[in-house]
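The block underneath contains the structure these notes are about, expressed in structure tokens.
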Amino acid sequence: MMLRSTRGLKTFTMGSRLFRFGTACGRGRSNSDMTDELNEPLGLGEPPRDARRPRFSWNGLVIAGLTLIAAGVATVSFLPSDPFSGEPHAVARIEMAKPPAPPPASETARNVVAERQDAGDANALPAQRVASANEIEQGSGVKITRSGSPDAPGALIIQLDRPVDLRLAPAPDQRLLEKSRHGLLPKIGADGARPMDIYARPVSLSTKLKAGAPRIALVVGGVGLNPSLAGNAIEELPGAVSLAFAPYGQNLAALAARAREHGHEILLQAPMEPFDYPQNDPGPHTLLTGAQNGADLDDLHWLMSRFAGYVGVVNFLGARFTADEKALSPALADIAARGLFFLDDGTSQQSLVAGLAPRLMLPLARADVVVDAREAPEAIDAALARLESLARQKGAAIGFASALPRTVPRLARFARDLERRGVALVPVTAMVTTPSPLETRVGSQQ
């Protein structure tokens, strides 16, 4: 017979008289203890105290956990802190930049060196020679006419390679104003100052251009009839491009002043009678061939009073009027007497302006190419190419165009690229010729 108990791994074998009591046998337990266990039903009764499973102590477990937490906090507190909270970062070395090189010595410094040399200072550096105003003017190829002494002033002239923000003289100049029933008109000042000189844009030539480089002047007419188109012409075109204002626009004086603020010299575009008048009517106060009793001069004065600051007058249409000497002469004489020049827009081959100008002592210029006589883009580009070719052949050329949406962008691109091609862009006043007294006498004898 064999009995097994799951408690204490006890084994009892009757046949072989072998008793195994697990761990109890090794602890010297008595026979009565063993007899009691044999007589108990299997699986019942209280097991011996030392045979029980060890019980977990919750207090010890809590204490162990707190100990681990305290150790972790202490470990973290001794580690170096991370100001970037684990975010990626880099370390760069910062070095102090070297100060820029000092600019070249100014003219004042050169003068000081010259004075030190004159005083016998052996340590003074040699002073550089500065060209006179006369030498610079002669080398530029620009003809300059002055009232009084023909010599250039003694002021130092400086040419810069970078564009210069040129400022035109304020307008109107009170010396150059005459009151009329229509408003203020231009006139020659008591000191001989002419509006065409005072209100003109100065000529600024880059030193990158060769001496005697060909010159081009561009004049854009019809400005002021449409404020939006006028704004585009003022903003997009370089300041050396001259703008001719029609006399009928709104806020004309403000637009003209804005154009001058952007560096554009301005002209008055006077409507004149075409051959197909009145079917083609240029507008109110048009100068007509059949006008009587000085009506044309009265209309001309109304046109002149529309705004101030212009350097000359250019015709709008006028093929018939400019071909009629009797009607044309009084108007041109009045323009000359007010210190203005006349620009013939080149649209009429029958114009008599060039022949009458010497006798009237009228400063004159004439356009060589009408840029947008045809409005197709390829025709405009071809006309601009012809203008540049003429400038290279003759040394100078004038182009006339209108402030149209297709014309202004192409004209602006052409104008800004001229210097790169070795051509100077100049205001139209640089192209004006004034007849000399000798030319006047020769013309009158003929």
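Read-outs: derived from the displayed coordinates by stated rules, not from any lab. Here the structure is a predicted model, which is why all the values come from computation and not from measurement. With ideal geometry, Cβ positions are generated from the backbone for all residues, glycine too; neighbour counts draw on all protein chains shown.
Each residue of the range 409-426 was assigned a 3J(HN,Hα) from its phi angle through the Karplus expression (A = 6.51, B = -1.76, C = 1.60, θ = phi - 60°), giving x, 6, 5, 5, 5, 5, 5, 6, 9, 5, 4, 4, 8, x, 10, 8, 9, 10 Hz with x at Gly and Pro.
Antiparallel as a % of all DSSP beta bridges within the range 175-445, to the nearest 5? List each step's numbers first, then the result.
Numbers: 5 of 35 bridges.
Percent antiparallel among DSSP bridges in the range 175-445 is about 15.
Using a simple spin-label model with pseudo-atoms 7 Å out from Cα toward Cβ, Asp381 and Met361 lie 4.9 nm apart. A simple spin-label model places pseudo-atoms 7 Å from Cα toward Cβ; at Ala211 and Leu166 they are separated by 2.2 nm.
Could you tell me the calculated FRET efficiency between Ala354 and Lys394, based on Cβ-Cβ distance and R0 = 25 angstrom, to the nearest 0.05?
Details: r = 15 Å, r/R0 = 0.62.
It comes to 0.95.
Placing a label point 7 Å from the Cα of Arg175 along the Cα-to-Cβ line, the residues of the range 330-360 whose backbone N sits under 17 Å from it are 338-340. Highest mean packing first, where packing is the average number of other Cβ atoms within 10 Å per residue, the peptides 357-366, 309-318 line up as 309-318, 357-366. Coupling constants for the range 340-349 follow from the phi torsions by the Karplus curve (6.51 cos²θ - 1.76 cosθ + 1.60, θ = phi - 60°), and in residue order they are 10, 10, 10, 10, 7, 6, x, 7, 10, 6 Hz; glycine and proline get x. Quick query: amide H of Thr347 versus all other amide H atoms, modeled in the peptide plane; which residues come in under 5 Å with a sequence gap of 5 or more or a different chain? Residues meeting the criterion, in which the H sits 1.01 Å from N, do not exist here. When each of the peptides 187-200, 384-397 is scored by how many other beta carbons lie within 10 Å of its residues on average, the order from highest to lowest is 187-200, 384-397. For the peptides 229-236, 262-269, 294-301, the ranking by packing is 262-269, 229-236, 294-301, with the highest mean count of neighbouring Cβ atoms within 10 Å listed first. Taking each residue as 0.36 nm, the span from Glu235 to Arg406 lengthens on full extension beyond its C-alpha to C-alpha distance by 60.0 nm. Near the amide H of Ala424, within less than 5 Å, lie the amide hydrogens of Arg215, Ile216, all on another chain or at least 5 residues away, with H placed in the peptide plane. Put simply, the amide H of Ala319, placed in the peptide plane, has neighbours under 5 Å in Phe275, leaving out anything fewer than 5 places away on its chain. The 3J(HN,Hα) values that the Karplus relation (6.51, -1.76, 1.60; θ = phi - 60°) gives for the range 274-287 are, in residue order, x, 5, 9, 6, x, 4, 10, 9, x, x, x, 6, 5, 6 Hz. Gly and Pro appear as x.
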